[in-house]
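Working notes, beginning with the structure itself.
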Amino acid sequence: MNSQIYDVAIIGAGCCGASIARKLSAYEISVVLLEKCVDVGFGVTKANSGIIHAGFHHPITSLKARLEIRGNLMFDQLHYELGFPFKRVGIIVVAFSVEEMKTIEHLYSQGVANGVPRMEICGRERILSLEPQLNSDVVGGLYAPTGGIIEPYRYVFALVESAQKNGVEVKTQFTVEQGIREKDYWIVKSKEGETIKARYVVNSAGLFADEVSKSFDAELFEIIPRKGEEFLLQRNAKGLPNHVIFPVPGAHTKGILVIPTVEGTLMVGPTAIETDDKYDVETTSQNLETVFMQATYMVPAISRREIITSFAGLRPTMKGNDFYIEPSKKQPHFIQVAGIQSPGLTASPAIGDYVKDILKQEGLQLIEKKDFDPFLPHPIKVRELSFEELEKVVEKDPKYGHIVCRCESVSEAEIVEAISKGHATLDGIKFYTRAGMGRCQGAFCTYKILKIISRETGMPVEKITKRGDNSWIISQRLQALADEKAER
Ligand SMILES: Cc1cc2nc3c(=O)[nH]c(=O)nc-3n(C[C@H](O)[C@H](O)[C@H](O)COP(=O)(O)OP(=O)(O)OC[C@H]3O[C@@H](n4cnc5c(N)ncnc54)[C@H](O)[C@@H]3O)c2cc1C
């Protein structure tokens, strides 16, 4: 066992754990981030709508509303420091009847009470001038210009990279199995056989926060997964709106949305269906029907013929429907960060701050680092360069001139950079660079990417996985055939 005693161990490298780690990296303490997957951000955080909510959906009496508002306000600074894709495109909630306009008025008053700036109740003309793609039967709606969109995985990668740059240690493939209290610290054991010690433990294990809490003999509670299916349409799809479009919300859900993604594709969804299976991420044609019926009612030009893929995510909900962020009442120096359903992504920067304050109240001494560096270099993206800029970068590194993913214009140099930062699975590279995320869904570039990973890491192609564990992509026999073909 490593004899070092960390000041803080954070369990789970989703947007919450990553944000807490990055926040703590500004202080003179030792921090370790423990993640069971092969890469960070591979839990709930990788499969969501990427919306930075404005903050009018929940009453200010809930913790999630307070953290949502604070989190929303923090994204400009974070974007400036870390460079992940983020745009404040604004949110529109549409009403199709006088009855629905009453809900719009309620959302507006709630937003005002919550402190959401610059919201507007709009009549038909105004809403159609803001968003000409809307069904012309629209009666009016709510406009919240501070809503935004991000790429959630790039956000987590950037948070973790920044935390590491400032001294945080990251251990992936460390599945926390048990915590034992000894003297004034925790012994944290992993399924893989590794053990670490830490004075404070933060449980931000997403869907599995209930199991982690139990394994530390802390509170017993249940995480109830609420599944959301989403459908992704190609770049410049018909009906692509300028804003994120919401219907008036239901009792437990914000409804089916039409979402322009930050990289120019279009997403519709998510559904909201409770399940008892924490691994159930299948999508069904029946739910595709429901999603498209509701989405095309708001934006008629959307066409399902432009779907390029579908995915599902599971919201980690809890009884009471609020976030559960507080020190354990049963165990010392154990902080619960659980029930982080939507708007968890939006709230995550504020959750980092909030947990830092809890740790301080619980006795952790926090002295600011003099040499904390909040900035990361912004990665080069070939698809965003002008011809002249491209010429310059290719002169420095010809790999920028070799396009591997044609749909998303991703160069070999960008893939090499992703690998050098530890993202050496097919999904890791996809989330870091977007290679394989476009129209052909990797049909053209997958094998090329496998060969680059193999060359850069020395790993045989048949050992490379899609997302860790047993998700191998290619068998030895298939590789031999592919090599033969490539040589011909
Ligand atoms: C379909 C859908 C759409 C959504 N859309 C939005 C949106 O648009 N805007 C918004 O604000 N929010 C949205 N959300 C909510 C948001 O995605 C979540 O609130 C957020 O991602 C939760 O982050 P987390 O860090 O708590 O959990 P996770 O991302 O799941 O992170 C927890 C991590 O802990 C790891 N872990 C689990 N058990 C262990 C263990 N024993 N040992 C070590 N590691 C462990 C997991 O592998 C995981 O990486 C959406 C959610 C869904 C499902």
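The values are calculated or read from the model by the stated rules, or taken from the named source; none is laboratory data. All of these numbers come straight from a predicted model, not from anything done at the bench. Cβ atoms come from the backbone with ideal geometry, glycine included; neighbour counts cover every protein chain shown. Heavy atoms of the whole protein, side chains included, go into the accessibility calculation; ligands, DNA and RNA do not. Shrake-Rupley method; radii C 1.70, N 1.55, O 1.52, S 1.80 Å.
Observations on the structure shown:
- Only one entry in A301, A272, A295 is exposed (fewer than 15 other Cβ atoms within 10 Å of the Cβ), touching a residue at least 24 places away in the same chain (Cβ under 8 Å) and within 24 Å of I91 (Cα to Cα), namely A301.
- Residue among L233, L288 that alone is away from the ligand (no atom under 13 Å from the Cβ), farther than 30 Å from H333 by Cα, outside the structural domain of Y155 (by TED's automatic domain parsing) and surrounded by fewer than 21 Cβ atoms within 10 Å (Cβ to Cβ): L288
- The stretch 306-317 residues that are on the phi > 0 side of the Ramachandran plot and in the same structural domain as K430 (by TED's automatic domain parsing), paired with ones that are more than 11 Å from the ligand (Cβ to nearest atom) and open to solvent by less than 10 Å² (accessible area, probe 1.4 Å) (beta carbon under 8 Å, 6 or more apart): none
- Test: K214 is closer than 20 Å to G43 by Cα and touching a Gly at 6+ places or on another chain (Cβ under 8 Å): no
- Counted residues, the stretch 40-65 - those being within 10 Å of the ligand (Cβ to nearest atom) and of a type in the set (S, T, Y): 2
- Residue among F221, F246 that is more than 27 Å from C407 (Cβ to Cβ), modelled with pLDDT of 95 or more and assigned to a strand (DSSP E or B): F246
- Comparison of Y279, Y324 shows that the only residue that is free of Cβ contacts under 8 Å to residues at least 12 places away in the same chain, under 30 Å from S213 (Cα atoms) and not small (G, A, S) is Y279.
- Qualifying residue in the stretch 147-157 (condition: touching a residue at least 60 places away in the same chain (Cβ under 8 Å), surrounded by fewer than 22 Cβ atoms within 10 Å (Cβ to Cβ) and touching a Leu at 6+ places or on another chain (Cβ under 8 Å)): no
- Matching option when the condition is without any contact (Cβ under 8 Å) to a residue 40 or more places away in the chain and on the phi < 0 side of the Ramachandran plot, among E68, E105, E100: E105
- Residue selected from the stretch 209-228 under the condition of a type in the set (A, V, I, L, M) and more than 11 Å from the ligand (Cβ to nearest atom), by the criterion most open to solvent (accessible area, probe 1.4 Å): L220
- Checked against the criterion of being among the small types (G, A, S), in the same structural domain as T61 (by TED's automatic domain parsing) and more than 20 Å from K254 (Cα to Cα), the stretch 362-371 has at least one qualifying residue.
- Among the residues of the stretch 311-367, the one identified as open to solvent by 60 Å² or more (accessible area, probe 1.4 Å), within 16 Å of the ligand (Cβ to nearest atom) and under 30 Å from N287 (Cα atoms) is G320.
- Residue in the stretch 69-77 that is closer than 25 Å to G422 by Cα, assigned by TED's automatic domain parsing to the domain that holds G339 and among the charged types (D, E, K, R) present: no
- Of the residues making up the stretch 179-204, those that are open to solvent by 20 Å² or more (accessible area, probe 1.4 Å) and either near the ligand (Cβ under 9 Å from one of its atoms) or acidic (D, E) (or both) are E182, D184, K191, E192, E194.
- The sole residue among L345, L314 that is assigned to a helix (DSSP H, G or I) and within 23 Å of the chain's Cα centre (by Cα) is L345.
- Yes/no for Q77 being more than 16 Å from the ligand (Cβ to nearest atom), under 30 Å from M437 (Cβ atoms) and touching a strand residue (DSSP E or B) at 6+ places or on another chain (Cβ under 9 Å): no
- For the stretch 107-123, a residue qualifies if it is assigned to a strand (DSSP E or B) and β-branched (V, I, T), and exactly one does: I121.
- Residues (acidic (D, E) and more than 21 Å from E289 (Cβ to Cβ)) located in the stretch 213-240: D217, E219, E222
- Near pairs, Cβ below 6 angstrom, 6+ apart or cross-chain, from the stretch 45-64 (closer than 20 Å to Y143 by Cβ) to any residue that is open to solvent by 20 Å² or more (accessible area, probe 1.4 Å) and of a type in the set (S, T, N, Q): F56/Q110
- Options T457, T446: the member that is of a type in the set (S, T, Y), over 21 Å from the mean Cα position of the chain (by Cα) and surrounded by fewer than 15 Cβ atoms within 10 Å (Cβ to Cβ): T457
- Within the stretch 27-39, the set of residues being open to solvent by less than 20 Å² (accessible area, probe 1.4 Å) and either touching a Gly at 6+ places or on another chain (Cβ under 6 Å) or more than 7 Å from the ligand (Cβ to nearest atom) (or both) comprises V31, V32, L33, D39.
- Residues of the stretch 158-178 that are open to solvent by 10 Å² or more (accessible area, probe 1.4 Å) and near the ligand (Cβ under 10 Å from one of its atoms): K171, T172, Q173, T175, V176, E177, Q178.
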